[in-house]
Each structure stands twice: as structure tokens, then as C-alpha cells.
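Structure, as C-alpha cells:
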Amino acid sequence: MGSLLCSYLILYTEDMETDGENGIFMKIVRREAPAEIVYEDDETLAFLNNSPNAPGHTLVIPKKPARNVFDVDEATWLAVMRTVRKIAPAVRDAVGAKGVHINSNHESEAGQVVFHVHVHIIPRKDRSEFEFWGSEEFDPVEAKEIAERIRKLV
């Protein structure tokens, strides 16, 4: 499973389900697994990550299962993002942070471990608390080709 263990996986065995109705996040929604819930509405749930990158690291999930951004319906994704926007200031202020990282990983190649769409709100007090993503040399010719492929697919 590696060092990218996310949320409540460490409380369970490695072969547990991480998606669908029997996934850990749905168990949290149904209160069948422990979580320190910080916010809830009809469509979303927010709780503290039990393997935080920083104190106050919070996860926001939809109450219905969706694997990730590639298959979540638009209304559900918008509900998650509304909740992120609503609670991000509270997460920041509760720990005396100056900013937050808002992050989401989609598929294992991008670091997704729990296959129920979720957004991380990670409070940051100082820029030195994290590393920026590496950067590759910008190639304008390659960028133009990639941009054209994206425009065709959208």
C-alpha cells in the first residue's frame, strides 16, 4: 500500500474494499466506521483524516459512492466543492494556519488509494511545510500539440 495511505485504511486490513457501497468511506457515512466528523449536509460529509499531512487535514466526500472525477456526476461533484469552499476557512482558522492545500487524486497512478471521490483540505502555516511539484522544461511546441489534443477531446 505504500506511504500514501489515505484516511482510515490504516485501521483495516490491506484487502478491505476501498470503493463502492462496502468501501470505508461509505462505512463512515453509515457510521459503521469511526471518524471525527466536522461537517455534514444532505449530500456530503467532511471528517478529519486519521493519517494527516498536517493537523486539521480534512477529507470531504459525497454521501453516495463515485470512484473519482471521471465518473462522478456533475451535481455530486459540485456539492463536494461547495462543502470544500464552505469549510476550508474553518479548517484553516481552527489550527491557526495561513492557507490550505486543496487536493484530489484520481486513479492509482495519481496517488488515489481510496476509490471513493474525495477532496483533501490540508492546512498550511508555512510554505516550508511542503514541497512544490517538480517542474519540467517547458516546450512550447509540445505544449501547443498537447493543448490541441485536449481541445479536440473536450
(message) Of the conditions (1) over 30 Å from Ser128 (Cα atoms); (2) assigned to a loop (DSSP other than H, G, I, E, B), Lys27 satisfies every one except a single condition; which number is it?
(response) (2)
(message) Taking the condition of being in contact with a strand residue (DSSP E or B) (Cβ under 9 Å, 6 or more places away or on another chain), farther than 30 Å from Ala66 by Cβ and modelled with pLDDT of 85 or more, how many residues in the stretch 116-127 meet it?
(response) 1
(message) Please count how many residues of the stretch 128-143 are loosely packed, with under 10 Cβ neighbours inside 10 Å and modelled with pLDDT under 85.
(response) 9
(request) Could you pull out the residue among Pro55, Pro89 that is at pLDDT 95 or above and surrounded by fewer than 16 Cβ atoms within 10 Å (Cβ to Cβ)? (result) Pro89
(request) Look at the stretch 92-115 and say how many of its residues are modelled with pLDDT of 95 or more, of a type in the set (Val, Ile, Thr) and within 20 Å of Lys63 (Cα to Cα). (result) 1
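The values are calculated or read from the model by the stated rules, or taken from the named source; none is laboratory data. Everything numeric in this text was worked out from a predicted model, so none of it was measured. Virtual Cβ from ideal backbone geometry, glycine too; neighbours counted across all protein chains shown.
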